[in-house]
Amino acid sequence: MTGKELAEVTGGKILCGDPERSLSGCYIGDLLSLAMSRVQSDNVWITIQSNINIVAVASLTDAGCIVICDGFSPDEDALEKAKDEDILIITSEKSAYDIAKLI
Amino acid sequence: MDNLKLHYDVNGDDFSVAGENSSKVKKMLKQLGFSPDVIRCVAIAMYEAEINMVIHANGGFIDVDISPERVKVELQDKGPGIPDIEKAMQEGYSTASNRVRELGFGAGMGLPNMKKYTDELNISTEIGKGTLVELIVNVK
Ligand SMILES: Nc1ncnc2c1ncn2[C@@H]1O[C@H](COP(=O)(O)OP(=O)(O)OP(=O)(O)O)[C@@H](O)[C@H]1O
Ligand SMILES: [Mg+2]
């Protein structure tokens, strides 16, 4: 599945990054040091965290994308950094569970 | 070949750049052709140590020493020190403030991650003086 396809099926919005990025597997969680060890490369990482530190975690783990769920939006500096680092960020009104079901 | 040595200063309490040095090292290791496995181990362990420096110890400096056989990272801070290392090493133990917990820190998994993803983890700490964390990841 690509970022674009994920955004389509979940009714989410792509804020930055490459829509054609290929994605596989998923991790759901909001604690950064758990995500750090659990997120595998190309994973969809679903979280409600919206601060700049999620970009570092996604970049260091080679996550496929960050999906910020439950209607939250990334902080401005997080979005800027994600653009610089070419990290795909998708926002969605849906819950983590509902998004994961659709992957 | 001489070892490649890198030095970074880390600001305390600046969350916006926290983890940036780990990202730089990760990119460097990638350019040097290290395996994804080694890169992942270094990235996770160094990130956790770098973040701890920022959220618990007011920053410090990092020295990285890269050879074809292993990657060594030393992180020296001038923070409060760790009173009970054994306790600090336990999964779930954290003294993180509410402010940093709201950002997603404080799972108490940083030190356990450092242990899990390195071949060697050495911590020397002195109360009121600071902490030195040494991480070694061997190239298998
Ligand atoms: N460099 C340091 N200086 C002083 N205390 C530290 C340092 N590193 C760790 N500690 C202490 O050890 C505890 C455990 O650290 P650990 O990294 O495992 O968890 P955490 O940082 O609290 O949460 P997490 O890493 O999961 O976000 C910390 O809460 C803190 O009390
Ligand atoms: Mg920590």
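The values are calculated or read from the model by the stated rules, or taken from the named source; none is laboratory data. Since the structure is predicted, the reported quantities are computational estimates derived from the model, not experimental observations. Positions of Cβ are generated from backbone atoms using ideal geometry, with glycine treated the same way; all protein chains shown enter the neighbour counts. For accessibility, only protein heavy atoms count, side chains too; no ligands or nucleic acids. Shrake-Rupley method; radii C 1.70, N 1.55, O 1.52, S 1.80 Å.
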*Only one of these is at the interface with chain B (Cβ under 9 Å from one of its Cβ atoms), outside any loop (DSSP other than H, G, I, E, B) and surrounded by fewer than 24 Cβ atoms within 10 Å (Cβ to Cβ): A:D77, A:D84. Name it.*
A:D77
*Give the residue, chosen from B:T118, B:T125, B:T131, that is among the polar types (S, T, N, Q), modelled with pLDDT of 95 or more and in contact with a helix residue (DSSP H, G or I) (Cβ under 6 Å, 6 or more places away or on another chain).*
B:T118
_Output for region B:102-123, where each listed residue is open to solvent by 50 Å² or more (accessible area, probe 1.4 Å), assigned to a loop (DSSP other than H, G, I, E, B) and farther than 19 Å from A:N53 by Cα_ = B:D119
*Residue among B:D84, B:D2 that is surrounded by fewer than 14 Cβ atoms within 10 Å (Cβ to Cβ) and at pLDDT below 95*: B:D2
*For the subset of region B:83-102 comprising residues that are more than 12 Å from ligand 2 (Cβ to nearest atom) and within 14 Å of another protein chain (Cβ to nearest Cβ), which member is nearest to the chain's Cα centre (by Cα)?*
B:Q90
*Return yes when A:V9 is of a type in the set (V, I, T), open to solvent by less than 10 Å² (accessible area, probe 1.4 Å) and not in a strand (DSSP E or B) and no when it is not.*
no
*Mind listing whichever residues of region B:14-38 are more than 13 Å from the chain's Cα centre (by Cα), more than 9 Å from chain A (Cβ to nearest Cβ) and either assigned to a helix (DSSP H, G or I) or buried (at least 16 other Cβ atoms within 10 Å of the Cβ) (or both)?*
B:K24, B:K27, B:M28, B:L29, B:K30, B:Q31, B:F34, B:D37, B:V38
_Members of region B:82-101 that are outside any loop (DSSP other than H, G, I, E, B) and more than 9 Å from ligand 1 (Cβ to nearest atom)_ = B:E86, B:N98, B:R99
_Those residues of region B:54-81 which are within 15 Å of ligand 2 (Cβ to nearest atom), outside any loop (DSSP other than H, G, I, E, B) and surrounded by fewer than 17 Cβ atoms within 10 Å (Cβ to Cβ), in sequence order_ = none
*Of the conditions (1) over 23 Å from A:L34 (Cα atoms); (2) assigned to a helix (DSSP H, G or I), B:M46 clears all except one; give me its number.*
(1)
*Which strands (runs of 3 or more DSSP E) does region A:13-56 wholly contain that include 1 or more residues that are buried (at least 16 other Cβ atoms within 10 Å of the Cβ) and within 14 Å of chain B (Cβ to nearest Cβ)?*
A:26-28, A:44-47
